[in-house]
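Some notes on the structure that comes next.
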Amino acid sequence: MTKEISEEIENIKHIILIHGLYQNTLIMRVLGHRLEKLGYQIHYFKYPTLTTSFAKNVSSFCHYLENFSSPFAIIGHSLGSLIILKSLEKSIPQQLKRVIAITPPFHGSRIVQYLTEHNASFLIGKAQNILMPNYDRHWKFPIPLGIIAGTYNQGPTSLLLESMTDTIDKDSLTGDGTVYLDETKLTGYTDFTTLDRSHSMILFDPKTAILCDRFIKKSHFK
């Protein structure tokens, strides 16, 4: 390891946590506290997931990132990962060194498509369009991206699409109950790993903080 890389790793002391749909910063606090114990300074970005346009939330996040003048990492959960992706398409902060996406619907979500087709998109609010299936997205930034996905397939998507409506054959796809694995993998990612947890419960698994710390230090999960 070169001296320059070693110094960069030592300097990443700030982490921004950004929550997902229907949530606020509270759901990120357990992960945040565990990362604090590992020596990081944690910052929480809060945004209205349903009532404010996705574009406006991205713009707000871009402005928020201007506050950071020393090396930092961003960890996004679910919809928060899309906020990160779209903000970097606008501008890449010079001091951003790592991005970690936890259960990210990078390619949209089948359940959002189902709700839209059945006149229930109001349940997703103004996040509907960004969460519609879209496989044209790519990670094209010179910043390491680590993805942590869940494989405990119990949640609203598995219940609605696999059990109640038979839209998808039961257990034919691996997912976290809300997002399927093929919806999380974005071309250009640096490393990918899974935990046997559901979409939200993955945030409370102690292994998640360990994986995040490892990726920030090494740019890989192993």
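Every read-out reported here was derived from the displayed coordinates using simple, explicitly stated rules and does not represent laboratory data. Computed from a prediction, not measured in an experiment: that's the story for all the values here. Methodologically, a virtual Cβ is constructed for each residue, glycine included, from the backbone with ideal geometry; neighbour enumeration extends over all protein chains shown.
Computed values, structure above
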{"item": "Most mobile listed residue (Gly80, Gly32, Gly155) in the chain, GNM with C-alpha springs under 10 Å", "result": "Gly155"}
{"item": "Correct choice for Cα extents along the principal axes in Å that was computed from the model, options (1) 56, 34, 31; (2) 99, 50, 42; (3) 69, 36, 27", "result": "(1)"}
{"item": "Choice from Ile92, Ile83, Ile130 with maximal GNM fluctuation in the chain (Cα, 10 Å cutoff)", "result": "Ile92"}
{"item": "GNM result for the chain, Cα springs below 10 Å: residue of Asp182, Asp191, Asp136 fluctuating most strongly", "result": "Asp136"}
{"item": "More than 21 angstrom apart: percent of Cα pairs within region 94-222", "result": "43"}
{"item": "Pair-distance profile P(r), taking every C-alpha pair of region 1-127, with 5 angstrom steps and integer %", "result": "2, 10, 19, 22, 18, 13, 7, 4, 2, 1, 0, 0"}
{"item": "Simple spin-label estimate for Thr167 and Ile210 in nanometres, 7 Å along Cα-Cβ", "result": "3.6"}
{"item": "Relative contact order, percent, the chain [alpha-carbon distance under 8 Å, six or more residues apart]", "result": "20"}
